[in-house]
1. Quick one: work out Rg over Rh on the C-alpha atoms of the range 506-644, Rh as Kirkwood radius.
2. Between exposed GluC sites (Glu not before Pro) in the chain, where DSSP calls loop and at most 11 other Cβ atoms lie within 10 Å, what's the longest gap?
3. What shape does the range 219-373 take by its C-alpha gyration tensor, where a ≥ b ≥ c are the square roots of the eigenvalues and a/c under 1.5 counts as rounded, a/b above b/c as prolate, and the rest as oblate?
4. Over 23 Å, how big is the tail of the calculated P(r) for the range 686-778, in percent of all Cα pairs?
5. Which trypsin sites (Lys or Arg not before Pro) does the range 693-770 hold that lie in a coil by DSSP with at most 15 other beta carbons within 10 Å?
6. Distance between the C-alpha centers of the range 686-762 and the range 128-178? Whole Å please.
7. Size of the range 205-244 along its principal axes in angstrom, Cα-based, largest extent first?
8. Suppose R0 equals 25 Å. What FRET efficiency, 1/(1 + (r/R0)^6) with r the Cβ-Cβ distance, do Phe124 and Asp721 give to the nearest 0.05?
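Any read-out appearing in this document is the output of simple, stated calculations on the displayed coordinates, not a laboratory observation. Since we're looking at a predicted model, the values are computed, not measured. Using ideal geometry, Cβ is built from the backbone for each residue, glycine included, and neighbour counts are taken over all protein chains shown.
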Amino acid sequence: MMRILLFILMLVANTAFAKELYVSVKGNDKNPGTKALPFATLERAKLEARKYKKEEVVVYIMQGTWYLSQPLVFRGIDSRNDYASLYFMALPGHRPVIKGSRKLTLNFKPYQNGILQAALPASFPEMDQLYVNGVLQVMVRYPNYQEHTLPLHGTAQDALSAARIRSWANPTGGYIHALHSGEWGGMHYRITGKNTDSTLRMEGGWQNNRPSPMHKNYRYVENILEELDTTGEWYADRVKNILYYKPAAGVDMSKTTIEVPVLENLVSFKGLPGHYLTNIAISGIRFEHTLRTFMKNKEPLLRSDWTIYRSGAIDLEYTRDCAINACELFSLGGNAVFFSNYNKDAMVTGCHIAQIGGNAISFVGNPKAVRSPSFRYEEYVPYMQMDKMPGPIGDDFPTGCLVFDNLIHDIGLVEKQVAGVQLSMCQQIRIVQNTIYNVPRAGINISEGTWGGHEIAYNDVFNTVQETGDHGAFNSWGRDRYWHPNRAVMDSLMAVHPDLWKLDAVLPTNIHHNRFRCDNGWDIDLDDGSSNYHIYNNICLNGGLKLREGYHRKVENNIILNNSFHPHVWFRSSLDTFQHNIVSGPYLPIRIPDWGPGVDSNFFPDEAALHTTQQWGIDAHSAAGDPLFIGPAAGNYEVSDRSAAKAVGFHPFDIEVGVQSDRLRKLAANPPLPVLIKASADASATYTFLDMKVKNLNTLAERSATGMDKETGVLVLEVPDNAPWHKLVQPNDVILELAGVPVNNIQDLLNARMKVQWHAAAVVVIFRNQKRQEIKGPLK
């Protein structure tokens, strides 16, 4: 695997020896494929490369844009032996672009209200997206698209009201997009007709594996002509073959470039079971414009909340030693990179992946490799029918693959149950040194315990769970063979057969030296039976660390800022340990019948937090105090040599997280760093809470200005327009209570937020105009 990457680096340095072929948009497929006389198409170069199976072959792609009419597909006949690999890569200094769209030349004429219309080619496929001068336009929707509004960039409860439906002449072909009622992801429907009672006929909703009604508030409709009312919106009438578009004022449509995606897949690596596609790499190419695939997202994953569609702009199946290096994947309607079934020793390295409709990078094995599989949360295999053999059947799943030095952001633009890197039914995947942010759900997600052995290290993951709820920057489930939807049944089963958890999570998963931040859930969230994890030397910036049911989780030497440890509904004799960690408050347990002996020797911010925790009979050897971080304002959380945290076994660690290549580091954003609640004794210190600027009310002047009768509570200083409470609270309000918890100061507010951080909203008591008022404040 690493040989391919090293060879690519040698090629860039012009120090390697290989057969060279060249492709240019100005070339000709009748040419010999030299630099002076290049081929015109990638397909022609692929066919030529087959003649040189016993030597390294490099296909250099020169500057230009290729509009594919069909995907570039590598099959078994294109396989190479070791040390005779095939490379499709940008010529150094060039930036080739491969697009799955088609350029259109249209004759626009006035329609009405600033809307233009143009005839579409009769043979043109169904339109899914429209790019004008390289910018994605908005398929007409209600409510109108609002760039900075989350979730879903604007929603309306009345999107499906009878009055609105009556205003639509023929909504067939429109779409309904909504969040799951539990906010666990997105749901999508295609409108198939309108009934006489002003209700809709529709199909869909299968994109979530925990079915529910659509959310009653978080919903919008799309692709209905009567809603076209703002610039940048468009609608294609495929019965009459007419495109309607409302351009911005002053735009001359005769001088624009119009592109419409026609392919869902651009490059496919397609081997066969037992006849693997081997030793092929692509490097330095930009990929753009694929179709949205949200209505094809149907296949359930094992007992998880997810469904998937096994496709991507680049997809790989039955491959070995294949690589995607230094590519850009932008403006894609579905998944970016998808590894399906057997893939061994594959790499995705140095890529920039952004503006993606679905997942960025997915690894999903074949369910036939799973022993005793079931596919829904409520399903289970009775013990007497259960296959008791540990591990998989065969090897039809991704293993030994590497995701390294990738910049991933702004994904899940259409689908919301997605991740920067998604793992299911795979083993020993390494996710190292990546930067992932601006995602609607998890940055990194593991869908079940099959079959462990992953390494997740040195990643920078933040701005996560931005449009959903009850999730984490890192999230996992472990609903493995032993799982039963009835907790009492599962408890009794595990009491008799305590080693059942070992059958699927056969290798430990290591999560270390990462920096995580989640403002609407947990920084690290091990949910529903996640087992066999070692979690160490991580920095959790905001959301804390959660362990729900599961076995054998060793959590040590982590730094948890402005939050704490969330143990939820543990099994008895779970074998879990939580030791030598720095936390910022008392733990927040839910239904813990048996702590076991492994929760001890941790470091708390003060004696009160330590005492609260010790009342549960744990942390007898823990301590409290200031950890003495060296430079927290700059993100340096190393502790000084004088730190009392070292006395409880905490070992200082230094990490360099995120992308490593200079090209990507210049582009990557950084997470917002927390203002540590205990870091300053300055009475005037200000903090950020749900994007608002707040401080402790602690001066006579503040008391007088607010009308409070004493100096207590949290004073609101600024409420930006993007703050969740911007329509509910005002500067000079005082927060007195959150979710039933009295708020005397910032620490109280933080502790109350931690208790309900996975909830969508909470009751808030504020003081305004000389009286207490109760509001319901969203928590994201």
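1. 0.94
2. Maximal segment without exposed cleavage sites: 379-655.
3. Judged from the Cα gyration tensor, the range 219-373 comes out prolate (a/c at least 1.5, a/b above b/c).
4. Summing the P(r) of the range 686-778 above 23 Å gives 13 percent of all pairs.
5. Filter output for the range 693-770: Lys710, Lys727.
6. Centre-to-centre (Cα) distance: 35 Å.
7. Between the extreme Cα coordinates on each principal axis of the range 205-244 lie 39, 22, 14 Å.
8. Here the calculated transfer efficiency is 0.05.
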